[in-house]
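Any read-out appearing in this document is the output of simple, stated calculations on the displayed coordinates, not a laboratory observation. Remember, it's a predicted structure, so these values are computed and weren't measured experimentally. When we count neighbours, we look across all protein chains shown, and the Cβ atoms used for this are built from the backbone with ideal geometry, even at glycine.
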Amino acid sequence: MNDVRIRNIAERATDHGRLKVTLTQLWYLSRTHNYAWGAREPEGVPAGLRWLVALPVAAALLVCAVLAGGDLAFFAGVAAFLVLVAASLLRHRPGQLPRSQVIPSEETFRVLMTGAWSAAYGSLPKGVFDDAHPLPRPGGTGGARTAAPVARPTSLILCTDPVVALFLTANGLPGRLGAVLLRPTVPEGTTGHAAVVTDALAQLAGYRTALPLVVLHDADPSGVLLVPLLRAAQPGRVVVDAGLPVPAARGRAGVVRLARPCRSADEEQLRTVAGLSGADAAWLIEGFWSPVAAVPPRLLESVVVRAVERALATTPPSSRSADTSGFLSWPPVPRPARERGTGRPGSGTTKKERPSSA
């Protein structure tokens, strides 16, 4: 974490000033380590239970030793000693929920960038804005978090990640593509995919079925179930899956991997409804997931553009082919000649990620 490295990462993330990126996206790109641990079952006998059994047994054996006398007393005393030793040697490892860590933490990175960095340089790096505050309206004052309305939209973009939705809005991508950006709003504390699907369908009800839909989502249970459920609910609409694919999140080096308890789906549902392989479904059920906001901005822009083009070129599905429209293979990020040979941010495995650059 140094000024030169952060400035270089920001320059590449913004494509040398062409794009506007959020502070959250810059944080993911600037990470130095990424750890993720799955759930762990408890092992051994808890200490309280061990001593609750061992002490009365040892006491009873000592009483027998005192009352019996002779060889029986000797053996009873040895047995009491062995019970106490066994209880002290046994170990207990408590269970653990899935957890993850990104270094530096988001809070630490925000404090550094909005505090020390801004104090030293006057503002955030060129093209980077703090997504915790509204964006200024072009040519005016005040804040704006929604894209300019499209008079005659040709497609819809449904984005479940607020950071990505703000990135798309800041760069005017919906307007350039003639699309309307939809952002599901789920009440705080609500979990599971049902609430997201319900809200998405409520928003889609205001647009004709002829408008194709592109869906951006995380590589998590709610995200992978969203697209097939929307296709089933609106079989006459073209629905293109532009979300982060689970196979890429699970097996590709450099992808941010996080972990949290999975309570919104089961493995069979992920395999039958979302069409995931057994390994991918098990990975999600274990608690692992990957945020689409961590995808490099230029790659994210390319995915959205190509997904909208794919959606517009796809014939509206019939009842038999409604589940065949997809966009599950992301294209490689376009690289200008001056950047040839540079890699994507991050590298590593589910357990540990080595320091990397953007």
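Relative to the 2.2 N^0.38 Å rule of thumb, the range 47-89 has a C-alpha radius of gyration ratio of 1.15. Averaging over all projection directions, the Cα-based convex hull of the range 78-123 occupies 6.0 nm² in the image plane.
Based only on the alpha carbon positions, what is the Kirkwood hydrodynamic radius of the range 182-258, in angstrom? Taking every pair of different Cα atoms in the range 182-258, averaging 1/r and inverting gives 13.5 Å.
Sorted ascending by nearby beta carbons within 10 Å, beginning with the fewest, GLU41, GLU309, GLU267 become GLU41, GLU309, GLU267. Computed from backbone phi with θ = phi - 60° and the Karplus coefficients 6.51, -1.76 and 1.60, the 3J(HN,Hα) list for the range 125-131 is x, 4, x, 9, 10, 7, 6 Hz; x is used for glycine and proline. Here VAL4, VAL240 are placed in order of increasing Cβ neighbour count within 10 Å, fewest first, which gives VAL4, VAL240. The residues LEU156, LEU61, when put in order of fewest to most other Cβ atoms within 10 Å, stand as LEU61, LEU156.
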